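The values are calculated or read from the model by the stated rules, or taken from the named source; none is laboratory data. Everything numeric in this text was worked out from a predicted model, so none of it was measured. Using ideal geometry, Cβ is built from the backbone for each residue, glycine included, and neighbour counts are taken over all protein chains shown.
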Amino acid sequence: MNLHEYQGKELLKSYGVAIQEGLVANTVDEAIEAYGKIKEKTGSGFAVVKAQIHAGGRGKGGGVKLVKNEGDLKEKADAILGMMLKTPQTPGGMEGPGKLVKKILVAEDAYVPSPDECDEFYVSVLMDREKKCNVIIYSTEGGMDIETVAEETPHLVHKEYIDPTLGLQGFQARKIAFNLGLNGKAMKEMVKFISSLYKAFVGADASLFEINPCLKTGDDRIIAVDCKVTLDDNALYRHPDLAELRDTDEEDPTEVEAKEYGLNYVQLDGNVGCMVNGAGLAMATMDIIKLSGGEPANFLDVGGTADAKRVEQAFRIILKDPEVKAILINIFGGIVRCDRVAQGVVDAYKNMGNIEVPIIVRLQGTNADVAKTLIDESGLAVKSAILLQEAADLVKEAVA
Ligand code: GDP
Ligand code: MN
């Protein structure tokens, strides 16, 4: 699950990480009010207005604007709120439709009063799956595309691996600050920043923190000016307060609906819909679809209870995708009996009425033969298979 920048900053702040302070606004009036409070606090009229969408690169698309006074603020808040913001990271990139901006963050201009004395760094925390531990990636080249920096000047991107038993150690935080070229107060501030950032990462069960830019201000404070936060969905049950921050407007609507039904669904761009029980079998099924010349249209794990209701919900979700030319149902009857699943398929099919794409059902396991008879005798346009190869051949025929 991804957080908005303003939510991520609140999370960081609760762990003692210094941030660029700001207030979120849903309307121009709220933005003016927020601006008033910020001005009162900083004593300066300089602020920044930032579109809150789940995508980076907002600056490039006109979603981050500096303001100097209230008139300025009003004009820019009005322009950004309600705009379809295109960034290199929104669906379809700069050529795509963009994302609707519903909220903005009004924040203090962190670079004032001495922008020339500011330094922008890059800091991220994530899991390194090969090394089997968390890693802090950092660079002096913040503010811009870290991908470009990594490609053109890889020696400027550093990594610090964190031992999972020991956690982040003092010398590691100091090494990071040193490699970023800091000393004196800024060095101490960076050590504090990195330590509390790592505490927040572990404490919130996050899978990604990306602070770009992480700013050294003119008076040597270190603050997060931007943050991208991804939390581990599987750990959200431990953080009901964070789970509430989910913004379903920002997610794929079909995936959101599937989640409500307890289905594990990921939209892909192929032509064969899959309905499978178990993630491992789902992956294997996607492979077999590819081997038989099709492309999976989705990943869908219906879980353990493949009854008529579940199967029907899964059908509806798969059929929302106009690209689907065939559906392959591949269920292993271990805990659930194959004949119950078959009955579920038959019932769901009848309930739904007009399914026009060919359906191939492969049921293996307990009562597989009973299930096959059930389907073959149902009179429906459903083809059954027991062997995976038979199913694959039927898929090939269906999408040919
Ligand atoms: P992103 O484009 O989605 O990554 O959004 P950021 O929050 O990183 O903002 C884009 C860029 O705007 C940053 O890299 C900064 O250079 C700049 N920026 C952000 N906040 C401020 C600010 O308070 N003052 C100034 N002068 N620049 C800012
Ligand atoms: Mn950024």
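Among the listed residues 372, 325, 350, identify the single one that is closer than 15 Å to residue 309 by Cα and out of contact with any Lys or Arg (no Cβ under 9 Å at 6 or more places or on another chain).
Residue meeting the stated conditions: 350.
What do you reckon, is residue 50 within 10 Å of ligand 1 (Cβ to nearest atom), under 19 Å from residue 227 (Cα atoms), outside the structural domain of residue 194 (by TED's automatic domain parsing) and part of a strand (DSSP E or B)?
In short, yes.
Among the candidates 328, 388, which residue alone is surrounded by fewer than 19 Cβ atoms within 10 Å (Cβ to Cβ), in contact (Cβ under 8 Å) with a residue 40 or more places away in the chain and in contact with a helix residue (DSSP H, G or I) (Cβ under 7 Å, 6 or more places away or on another chain)?
388
Would it be correct to say that residue 36 is closer than 19 Å to residue 248 by Cα, small (Gly, Ala, Ser) and outside any strand (DSSP E or B)? Break it down into steps so the answer makes sense when it comes.
Numbers: closer than 19 Å to residue 248 by Cα: no; small (Gly, Ala, Ser): yes; outside any strand (DSSP E or B): yes.
So residue 36 does not fit the description; no.
Any idea which of 25, 55 is of a type in the set (A, V, I, L, M), within 20 Å of the chain's Cα centre (by Cα) and either closer than 22 Å to residue 246 by Cα or within 16 Å of ligand 2 (Cβ to nearest atom) (or both)?
55
Taking region 61-82 on its own, how many of its residues are assigned to a helix (DSSP H, G or I) and farther than 13 Å from residue 50 by Cβ? Working first, answer last.
Just the residues of region 61-82 that are assigned to a helix (DSSP H, G or I), to begin with: 61, 70-80.
Add one more test, that the residue is farther than 13 Å from residue 50 by Cβ, and what stays is 70-72, 74-75, 78.
Result for region 61-82: 6.
List the strands (runs of 3 or more DSSP E) inside region 170-237, counting only whole elements, that have at least 3 residues being within 16 Å of ligand 2 (Cβ to nearest atom), in the same structural domain as residue 145 (by TED's automatic domain parsing) and within 16 Å of residue 7 (Cα to Cα). Can you show your working first?
Values: elements: 206-216, 222-224, 228-231.
Passing ranges, in order: 206-216, 228-231.
Give the residues of region 23-33 that are farther than 15 Å from residue 102 by Cβ and of a type outside the set (D, E, K, R), sorted by residue number.
The answer is 23, 32.
For region 95-144, name all the residues that are of a type in the set (Asp, Glu) and either outside the structural domain of residue 209 (by TED's automatic domain parsing) or closer than 29 Å to residue 45 by Cα (or both). Lay out the reasoning, then the answer.
Step one: list which residues in region 95-144 are of a type in the set (Asp, Glu), which gives 95, 108-109, 116-117, 119-120, 128, 130, 141.
Scanning region 95-144 gives 95, 108, 109, 116, 117, 119, 120, 141.
Residues in region 257-280: is at least one acidic (Asp, Glu), closer than 19 Å to residue 54 by Cβ, more than 16 Å from ligand 2 (Cβ to nearest atom) and not in a strand (DSSP E or B)?
Scanning region 257-280 turns up at least one residue that is acidic (Asp, Glu), closer than 19 Å to residue 54 by Cβ, more than 16 Å from ligand 2 (Cβ to nearest atom) and not in a strand (DSSP E or B).
Filter region 183-221 down to residues that are away from ligand 1 (no atom under 14 Å from the Cβ), surrounded by 22 or more Cβ atoms within 10 Å (Cβ to Cβ) and closer than 22 Å to residue 109 by Cβ and give me whichever is farthest from the chain's Cα centre (by Cα).
Among them, the one singled out is 190.
Here are 348, 400, 368: which of them is out of contact with any Leu (no Cβ under 8 Å at 6 or more places or on another chain), hydrophobic (A, V, I, L, M, F, W, C) and modelled with pLDDT of 90 or more?
Exactly one of 348, 400, 368 is out of contact with any Leu (no Cβ under 8 Å at 6 or more places or on another chain), hydrophobic (A, V, I, L, M, F, W, C) and modelled with pLDDT of 90 or more, namely 368.
Search region 118-134 for residues that are part of a loop (DSSP other than H, G, I, E, B) and pair each with any residue that is of a type in the set (Ser, Thr, Tyr) when their beta-carbon atoms are under 7 Å apart and the residues are at least 6 apart or on different chains.
118/111; 118/217; 131/161
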